[in-house]
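Inspection log for the structure reproduced underneath, given as structure tokens.
The values are calculated or read from the model by the stated rules, or taken from the named source; none is laboratory data. Owing to the predicted nature of the structure, the values given are computational and were not obtained by experimental measurement. Reconstructed Cβ throughout: ideal geometry from the backbone, glycine too, with neighbour counts over all protein chains shown. Each accessible area value is taken on the protein alone, full model and side chains, heavy atoms only, with ligands, DNA and RNA left out. Shrake-Rupley method; radii C 1.70, N 1.55, O 1.52, S 1.80 Å.
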Amino acid sequence: MTRGWKTTCAGVVMLFLTACTNVQPWERGYLARSDMQFEPDPAEARIEQHMYFSKEAASGGYGVGGGGCGCN
Amino acid sequence: MRLQLIPSAPILLKGVAGIALVGVVGGVLLPTTDGTAAPPASPQAAVKYSRYWESRDRVDVLSPLVWFLAPVGEKYSVELSGTVDSLSGATPQIDGISSATMSEHRKAADIKITRYFNEFDLAISGATSSEHDYHSTAFGADSRWYFNQKNTILGLGFNYSSDRITSTNDSEFREDAESRDFLIGITQELSTTDIIQSNLTYGHDSGYLSDPYKFALVSRQITQDLVIPTISDDTRPDERDRFAWLTRYNHHFPGLKASSHLDYRFFWDDWGVAAHTIDLEWYQQVGDNWMVRPAVRYYSQDQADFYVTDSSEMLDDYNSADYRLANFGALTLGLKIGRRINDYFSVDLKGEYYVQDNGLHLGGNGNSDDPVEAATMMLGLNINF
């Protein structure tokens, strides 16, 4: 159990160290792909967010903007 | 409660001639040379035709949506979208008796104008939504601040919404509500193939937050020995504080020509609701022209404090039997397929199955009396001018 935790902590620290490596502008090829965007399809995202908003109590986190509806 | 949040536009990079087909095949874009943000190189548009069916009430919603994004000069962009929902169906409900008439239209539109500076960008937005018994107007501002050659982005946002609620059952009924939403978020590039974003949003709703068409069957103590059934209006508090913390992580697998999206959101509010959402999507490029994207989403929520589980519950200050405030879990399974036609056009087709079930509730305490089961199909045309 202790050994498992040590490995996990080391892993998390390594992840943060990796995070400190800067991606250079010329290395951005993969990150620029549309399938690597957080919202590759803004139109689809709007439809989806509205559907979940009208069926569930939770909402938000993705952005701010937009008006309300009588659907909830 | 009333506010629906529009997702923020994707981060757009400079010098993207030959831009990847919007939302379809993940073609490689030309990398930036200076790591600053700028408007998209060319206008993009999408037309989506979405159909939604619910099994329990035979609700059927048809929603065409149009979306448009374009640069305006070197330093501005404008984003617009508009939709019309046509809803038909019946809603007989057992516990939370509803008397809503069911054939309505909702029209909604939004606009965002972004100004790009060297180290940050700033946007203002407006939105409107109207149905015959609900009108909403919203405006907001958001910005992104760039650090570490755009490896790190700080996002800030604010939105205000004002709603007017009426009722087809009562021509004298007229209430107002407002919402204020705030966002703070960090986006961090972790490597050439990894990016993570974490956003915290806070919202405050005030005014009439109940549903004028809903009722709850509860019990009322008349004397020490006499308890009678009674019907209560759906009465919710006139204030609500809500929080959502979303963390999402994208990873690209160059060898597989695929990318994974993994999102987790924790939601909580002062009505007693707490909810977990986990979303996993896999974008698989197939050849040069196809994209296949399976997706799975799991959701679980805990009920509002004033949710009425059954009619033996006592009448309280706040009562609601609306299933959306119950304990339940939900699962979505989806598949989207995209096909690039040429440099200008691509099409996509998505099918999704959504089911709420008391058995999916995380604590095992599901008590919704009206779980939703639905299917969606979406057909889209994406244009890159």
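Data overview
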{"item": "Whole-number D in µm²/s for the stretch B:303-342 (Stokes-Einstein; Kirkwood sum over Cα pairs; 20 °C, 1.002 mPa s)", "result": "159"}
{"item": "Farthest positive-ward along the stretch B:137-282 dipole, Cα basis, beta-carbon charges - from B:PRO237, B:VAL227, B:GLY203", "result": "B:GLY203"}
{"item": "Heavy atoms of B:THR152 accessible to a 1.4 Å probe, total area in Å² rounded to 10", "result": "20"}
{"item": "P(r), alpha carbons of the stretch B:158-231 - 10 Å bins starting at zero, rounded %", "result": "14, 22, 21, 19, 14, 7, 2, 0"}
{"item": "Candidate residues B:LEU360, B:LEU209: accessible-area rank, largest first, probe 1.4 Å", "result": "B:LEU360, B:LEU209"}
{"item": "Quotient of Cα Rg and 2.2 N^0.38 Å for chain B, N being how many residues it contains", "result": "1.08"}
{"item": "The stretch B:102-164: radius of gyration and largest Cα-Cα distance (Dmax), Å", "result": "16.1, 53"}
{"item": "Shape category assigned to the stretch B:191-277 from the gyration tensor of Cα positions, a/c cut at 1.5", "result": "prolate"}
{"item": "With at most 15 neighbouring Cβ atoms within 10 Å, loop GluC sites (Glu not before Pro) (DSSP) excluded, longest segment of chain B", "result": "B:120-385"}
{"item": "Dipole of the stretch B:121-214, positive direction: furthest Cα of B:LEU154, B:SER171, B:SER125, with charges on the beta-carbon", "result": "B:LEU154"}
{"item": "Selection of trypsin sites (Lys or Arg not before Pro), the stretch A:29-72, meeting DSSP coil and at most 14 other Cβ within 10 Å", "result": "none"}
{"item": "Convex hull projection area averaged over all views, the stretch B:319-385, Cα basis, nm²", "result": "6.5"}
{"item": "Computed Kirkwood radius, in angstrom, where 1/r is averaged over Cα pairs of the stretch B:226-345", "result": "17.8"}
{"item": "Inter-chain shielding of B:194-203 (mean C-beta neighbours from other protein chains, 10 Å cut-off)", "result": "4"}
{"item": "With all protein chains modelled, accessible area of B:THR192 [1.4 Å, Å²]", "result": "50"}
{"item": "The stretch B:306-373: chymotrypsin sites (Phe, Trp or Tyr not before Pro) in DSSP coil with no more than 16 other Cβ atoms inside 10 Å", "result": "B:TYR344"}
{"item": "Radius 9 Å from Cβ of B:ASP110, net charge of other residues (Lys, Arg +1; Asp, Glu -1)", "result": "+1"}
